[in-house]
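So the structure is just underneath, and the comments pick up after that.
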Amino acid sequence: MGPTSPQDLYLPPRTALGPLLSLGTSPGTPPLGLLPLLVPTSPPEAPPCPGSHVRVSPCAVELQSPLFAPGDAMLPWRVSRWAMQLSLQVACPPGALVAGKSGAGARSPSMLVPWPPSLRGSSSLPTGAPEVALTAERYPVQRLPFSEVTEEDLAAFEHMLPGRVITDPEVLAAVNVDWLRSVRGCSRVLLRPRTTEEVSRILRHCHQRNLAVSPQGGNTGMVGGSVPVFDEIILSTALMNRILSFHDVSGTLVCQAGCVLEQLGRHVEERGFIMPLDLGAKGSCHIGGNVATNAGGLRFLRYGSLRGTVLGLEVVLADGSVLSGLSSLRKDNTGYDLKQLFIGSEGTLGVVTAVSIACVPRPQAVNVAFLGCPGFQEVLQTFRFCKAQLGEILSAFEFLDAECMQLVGRHLGLSCPVRGSPFYVLVETAGSSVAHDSEKLTAFLEQALSSGLLTDGTVATEQRRVQALWALRERITEALSRDGYVYKYDLSLPLEQLYHLVPDLRARLGPRARHVVGYGHLGDGNLHLNVTAEAYSAELCAALEPYVYEWTAARRGSVSAEHGLGFRKKDVIGYSKPPAALELMRQLKGLLDPKGILNPYKTLPTRA
Ligand SMILES: O=C(O)CC[C@@H](O)C(=O)O
Ligand SMILES: [Zn+2]
């Protein structure tokens with residue numbers, strides 16, 4: 001087999017990697033041979049992973065790489081850690097499935113598109129993965145009386161967005177399902193605008209025609225907010241990925257909503273700044289989606305909420321009118337702060353098309369300590385001591401329990417870097433002086449170890465080791481997804497009771513649950529409580545809900561600390577918000593979207 005010209009092949013974030021990834025329609029076809037494979041790793045300076053290869057046959061391209069374990073499911077978390085986007089340069093023989101389909105030559109990552117037609121015939125499901133139940137079948141939800149998309153509508157959209165109106169059933173199958181594979185809609189059209197003006201024209205048309213719309217960014221949400229419930233039109237921000245400006249004195253970044261968080265991070269890092277937010281899904285999530293869900297993440301403790309760091313927004317309202325507010329001002333008390341309405345509104349009040357955000361100076365020194373703790377009381381005391389000792393350089397305080405660590409080991413093959421303990425804590429410092437920061441951290445660790453708060457610990461300063469320690473925390477979601485069906489709860493609770501619900505649920509559920517784990521952003525009072533089981537069961541669900549919500553409400557906590565309500569949690573808003581607040585929210589929705597076409601069935605509960 002002679003070498004041929006390189007082709008650029010892009011796999012969407014949820015592409016499954018079995019022991020072999022097969023993009024062909026006839027997996028039985030004998031391979032033609034092995035070819036070297038270049039997997040761009042993150043960080044970019046890391047060398048391409050050696051030993052990877054693709055197997056190419058006339059109708060199948062298969063991937064093997066040490067970066068991915070057999071049976072790996074390619075989740076956004078994984079993408080962020082190991083490959084910004086799985087963009088493969090493949091030398092293909094003539095006639096191979098990918099040949100001639102994706103355009104010649106390497107594309108820059110920002111031009112990679114989520115669901116190119118070249119993926120016809122590919123599957124985003126792991127081999128043998130069960131089909132996701134249709135949301136309309138699993139949940140008691142009624143379609144609202146919106147119009148259905150007609151041939152005339154499609155023609156109108158095609159006129160607005162030539163070549164970017166997608167009706168291919170295989171492409172639609174992928175964008176109708178959330179990445180957790182927990183909800184599935186049945187939209188028949190995906191629109192891919194590039195500009196605010198195009199979004200405006202689309203919404204003006206949908207408003208006139210009473211067509212429902214489901215805005216979609218990177219589709220990495222946790223609550224089913226970014227996929228349709230029925231046949232809503234999917235409005236993707238994937239092609240709205242231009243950086244509009246960056247000011248290297250103020251650190252203000254202005255960009256379109258579809259920019260991928262990790263790419264924005266690279267852009268500003270080259271200029272001496274970092275993004276004020278970081279999350280496991282950074283390799284796939286879009287900044288517009290982050291804003292629309294008010295994503296919290298790993299830097300919240302240090303830089304606070306997007307409600308503070310977003311300086312301005314451009315939003316297209318339900319009727320197509322554009323609210324231009326891309327301010328770069330840090331202070332502006334002229335009237336109501338309207339952007340706050342759209343931050344965290346999950347696409348139900350308007351579609352965010354561009355964002356102005358304050359970036360923060362890139363720290364000169366970053367240290368990560370991974371520590372073992374003998375009990376939850378010691379975790380809390382370590383946090384208290386940490387704040388007192390490390391002060392302004394503390395940038396993250398995360399925790400996980402021993403069961404999380406076991407699952408990360410079992411499903412991802414990551415080993416625990418410290419002596420086995422009931423709890424683990426990840427402490428990050430970020431400051432401006434290497435010597436000063438390490439002196440402070442060392443003093444803190446010595447005292448915490450000698451006073452019995454810690455059982456063991458390890459510290460990393462070198463980037464690869466820092467990332468390896470972060471992986472133990474960031475990849476828990478991925479490990480859980482491999483453990484079975486996952487019931488997810490994202491709770492804000494008083495710190496002193498943050499973990500109590502975990503042992504309580506273990507006792508309550510007994511062998512009905514495979515695992516009940518607790519981890520999360522302890523520094524923000526945010527527990528991620530996850531329960532895994534062999535499969536979804538209404539009986540187990542009934543043992544969990546409303547119990548978890550009542551338990552949380554009794555402690556004046558929040559039933560959604562940072563993931564939002566989306567479709568799956570919308571009916572529990574009442575555990576955290578009083579009826580008067582809910583009524584005002586409904587009035588605001590009615591004012592901004594009188595026909596209710598924007599992301600229907602999400603965020604606000606269905607009226608009884
Ligand atoms: O999967 C979850 O429950 C949490 C995901 C994410 O918010 C995290 O902090 O890792
Ligand atoms: Zn989180």
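The values are calculated or read from the model by the stated rules, or taken from the named source; none is laboratory data. This one's a predicted model, so the numbers in the text were calculated from it and none came from an experiment. Neighbour counts are summed over all protein chains in view; Cβ atoms, including those assigned to glycine, are modelled from backbone coordinates with ideal geometry.
A few remarks follow.
- Candidate set: region 283-302, residues that are aliphatic (A, V, I, L, M) and more than 10 Å from ligand 1 (Cβ to nearest atom); chosen: the one nearest to the chain's Cα centre (by Cα): Ile287
- Selection of region 465-512 for residues being more than 13 Å from ligand 1 (Cβ to nearest atom), touching a helix residue (DSSP H, G or I) at 6+ places or on another chain (Cβ under 8 Å) and outside the structural domain of Gln406 (by TED's automatic domain parsing) yields Leu493, Leu495, Glu496, Leu498, Tyr499, Leu501, Asp504, Leu505, Arg508, Leu509, Arg512.
- In region 142-182, the residues that are β-branched (Val, Ile, Thr), touching a Phe, Trp or Tyr at 6+ places or on another chain (Cβ under 6 Å) and not in a helix (DSSP H, G or I): Val165
- Checked against (1) among the aliphatic types (A, V, I, L, M); (2) part of a strand (DSSP E or B); (3) more than 16 Å from ligand 2 (Cβ to nearest atom), Leu540 passes all but a single condition, namely (2).
- Checking Gly523, Gly518, Gly510 one by one, the residue that is more than 19 Å from Thr293 (Cα to Cα), part of a helix (DSSP H, G or I), within 14 Å of ligand 2 (Cβ to nearest atom) and of a type outside the set (Asp, Glu) is Gly523 and no other.
- Criterion violated by Gly225 - all others in (1) within 16 Å of ligand 2 (Cβ to nearest atom); (2) touching a residue at least 24 places away in the same chain (Cβ under 8 Å); (3) closer than 22 Å to Gly304 by Cβ; (4) not acidic (Asp, Glu) satisfied: (3)
- Residue match in region 379-389 (condition: crowded, with 18+ Cβ neighbours inside 10 Å and part of a strand (DSSP E or B)): no
- Look at (1) within 16 Å of ligand 2 (Cβ to nearest atom); (2) crowded, with 23+ Cβ neighbours inside 10 Å and you find that Leu501 fails only one, number (1).
- Test result for Leu454, surrounded by 17 or more Cβ atoms within 10 Å (Cβ to Cβ), more than 27 Å from the chain's Cα centre (by Cα) and of a type in the set (A, V, I, L, M): yes
- Given (1) among the basic types (Lys, Arg); (2) farther than 20 Å from Val227 by Cβ; (3) modelled with pLDDT of 95 or more, number of the condition Arg568 does not satisfy: (2)
- Considering only residues in region 274-288 that are within 11 Å of ligand 2 (Cβ to nearest atom) and in contact (Cβ under 8 Å) with a residue 40 or more places away in the chain, the one that is farthest from Ser432 (Cα to Cα) turns out to be Ala281.
- Hits in region 229-244 (condition: touching a Cys at 6+ places or on another chain (Cβ under 8 Å) and in a strand (DSSP E or B)): Ile233, Ile243, Leu244
- Looking only at region 190-217, and only at residues there that are in contact with a Gly (Cβ under 6 Å, 6 or more places away or on another chain) and surrounded by 22 or more Cβ atoms within 10 Å (Cβ to Cβ), the one that is farthest from Leu144 (Cα to Cα): Gly217
- Enumeration of residues in region 183-216 that are of a type in the set (A, V, I, L, M) and not in a loop (DSSP other than H, G, I, E, B): Leu190, Leu191, Val199, Ile202, Leu203, Val213
- Looking only at region 549-608, and only at residues there that are surrounded by 16 or more Cβ atoms within 10 Å (Cβ to Cβ), over 18 Å from Pro215 (Cβ atoms) and among the small types (Gly, Ala, Ser), the one that is farthest from ligand 1 (Cβ to nearest atom): Ala553
- Residues in region 251-267 include none that are over 23 Å from Ser327 (Cβ atoms), among the charged types (D, E, K, R), within 15 Å of ligand 2 (Cβ to nearest atom) and not assigned by TED's automatic domain parsing to the domain that holds Phe567.
- Sole residue being within 16 Å of ligand 1 (Cβ to nearest atom), outside the structural domain of Leu527 (by TED's automatic domain parsing) and in contact with a Ser or Thr (Cβ under 7 Å, 6 or more places away or on another chain), chosen from Gly320, Gly280: Gly280
- Any hit, region 275-285, residues being at pLDDT 95 or above and not in a loop (DSSP other than H, G, I, E, B): no
- Residues located in region 508-551, provided they are basic (Lys, Arg) and over 25 Å from Val132 (Cβ atoms): Arg508
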